[in-house]
Structures are given as C-alpha cells and as structure tokens.
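The values are calculated or read from the model by the stated rules, or taken from the named source; none is laboratory data. Keep in mind that what you see is a predicted model, and the values were worked out from it rather than measured. Cβ: placed from backbone, ideal geometry, glycine included. Neighbour counts: every protein chain shown. Heads up: the accessible areas ignore ligands, DNA and RNA and are worked out on the full protein's heavy atoms, side chains in. Shrake-Rupley method; radii C 1.70, N 1.55, O 1.52, S 1.80 Å.
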Amino acid sequence: MVGRTALICLTALLVLAQAAPADDDDYSEVPEVTCGSVIKLQHSNTGYLLHSHDVKWGSGSTQQSVTAHKNRDDFNSLWIIRGGHGVDCAQGTKIRDGQVIRLTHHSTGRNLHSHGHQSPLSRQQEVSCYGEGREGDQGDDW
C-alpha cells in the first residue's frame with residue numbers, strides 16, 4: 001500500500017499546485033475544487049500530465065492504461081472529480097481536506113483505479129482506469 005499512499009499524497013499536491021496562483025502571495029483568486037470540477041493533474045518536477053485513453057495494458061490488470069503525457073492541450077488528460085464509491089457528491093460541492101474522491105477520465109468515463117498489479121512500465125504498483133458508465137469499485141477511491 002506504500003505506492004498507493006504516495007500516489008494519494010501526490011494527487012493531493014498536484015491538485016493544489018494546479019490551483020495555486022503564479023504569485024505566491026495572492027491566494028484570493030484560487031478556485032475551489034468541487035465535485036464536478038474538470039481538472040488536469042501535472043507532475044511538479046517534469047510538467048507531464050496524468051493521461052489516459054481507451055488502450056488497455058497488455059499485461060497486469062489488462063485494464064485501460066494510465067501514463068503521463070507532455071502535451072498540455074491533449075483532451076485525454078482531463079479528469080472529473082466525483083465523490084468516493086457509493087457516495088453522492090452534488091456538482092459544485094466543495095471538496096473537503098481528506099475527503100475520499102474518485103477521478104473519472106473525461107473521455108472514457110472510467111475511474112482512476114489502483115490495485116495489486118505491477119505496472120508493465122515502471123514495475124511499481126499499476127494505476128489504470130476501471131469501470132463502465134462511470135461506475136467501478138472501491139479501488140477507485142483516493
């Protein structure tokens with residue numbers, strides 16, 4: 001679970017970094033992150049965006065692949081914030097610190113998912129997209 005914990009912390013930092021203003025002293029214009037927000041998650045060191053499209057991993061879970069992509073205009077790097085599995089979160093509801101959320105891939109409607117499979121690329125814990133019609137399971141909770 002160390003890999004999942006690190007990814008959860010990274011995700012939270014990326015969401016905050018994406019919303020942070022260019023001028024570190026002025027936080028009056030930082031948008032609130034809410035249920036239904038459409039976001040891009042950017043890795044702070046490389047600038048790559050969390051990315052997915054309807055291509056399955058060839059091994060491991062064989063679910064929809066999730067990688068990083070440098071193109072900032074790529075539509076496949078958009079994610080929708082939703083309530084955790086089985087939890088209703090009305091659009092516009094502010095996300096609270098520590099709240100369990102799901103990130104749903106905008107294009108395919110599958111949820112960012114983690115489980116015990118090893119990634120075919122990094123050999124770390126695999127991250128994939130899972131579920132049909134925006135529904136999945138508790139492995140979608142972050």
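Residues that are surrounded by fewer than 10 Cβ atoms within 10 Å (Cβ to Cβ) and either under 19 Å from Asn76 (Cα atoms) or at pLDDT 90 or above (or both) within the range 24-49 comprise Asn45, Thr46, listed in sequence order.
Within the range 128-142, being open to solvent by 20 Å² or more (accessible area, probe 1.4 Å) and in a loop (DSSP other than H, G, I, E, B) holds for Gly133, Arg134, Gly136, Asp137, Asp141, Trp142. State whether the residues of the range 56-65 include one that is within 12 Å of the chain's Cα centre (by Cα) and either modelled with pLDDT under 95 or open to solvent by 80 Å² or more (accessible area, probe 1.4 Å) (or both). No, there is no match, as no residue in the range 56-65 is within 12 Å of the chain's Cα centre (by Cα) and either modelled with pLDDT under 95 or open to solvent by 80 Å² or more (accessible area, probe 1.4 Å) (or both).
Condition (residue is within 12 Å of the chain's Cα centre (by Cα), closer than 19 Å to Gly139 by Cβ and outside any loop (DSSP other than H, G, I, E, B)) applied to the range 39-49: is it met by at least one residue? Checked against the condition, which is being within 12 Å of the chain's Cα centre (by Cα), closer than 19 Å to Gly139 by Cβ and outside any loop (DSSP other than H, G, I, E, B), the range 39-49 yields no hits at all. Of the residues making up the range 49-66, those that are out of contact with any helix residue (DSSP H, G or I) (no Cβ under 9 Å at 6 or more places or on another chain) and free of Cβ contacts under 8 Å to residues at least 40 places away in the same chain are Val55, Lys56, Thr62.
Residues that are part of a helix (DSSP H, G or I) and either under 20 Å from Cys35 (Cβ atoms) or open to solvent by 20 Å² or more (accessible area, probe 1.4 Å) (or both): does the range 77-99 have at least one? Within the range 77-99 (the criterion being part of a helix (DSSP H, G or I) and either under 20 Å from Cys35 (Cβ atoms) or open to solvent by 20 Å² or more (accessible area, probe 1.4 Å) (or both)), the answer is yes, since at least one residue qualifies. Of all the listed residues (His113, His106, His117), the sole one being surrounded by fewer than 18 Cβ atoms within 10 Å (Cβ to Cβ) and touching a helix residue (DSSP H, G or I) at 6+ places or on another chain (Cβ under 8 Å) is His106.
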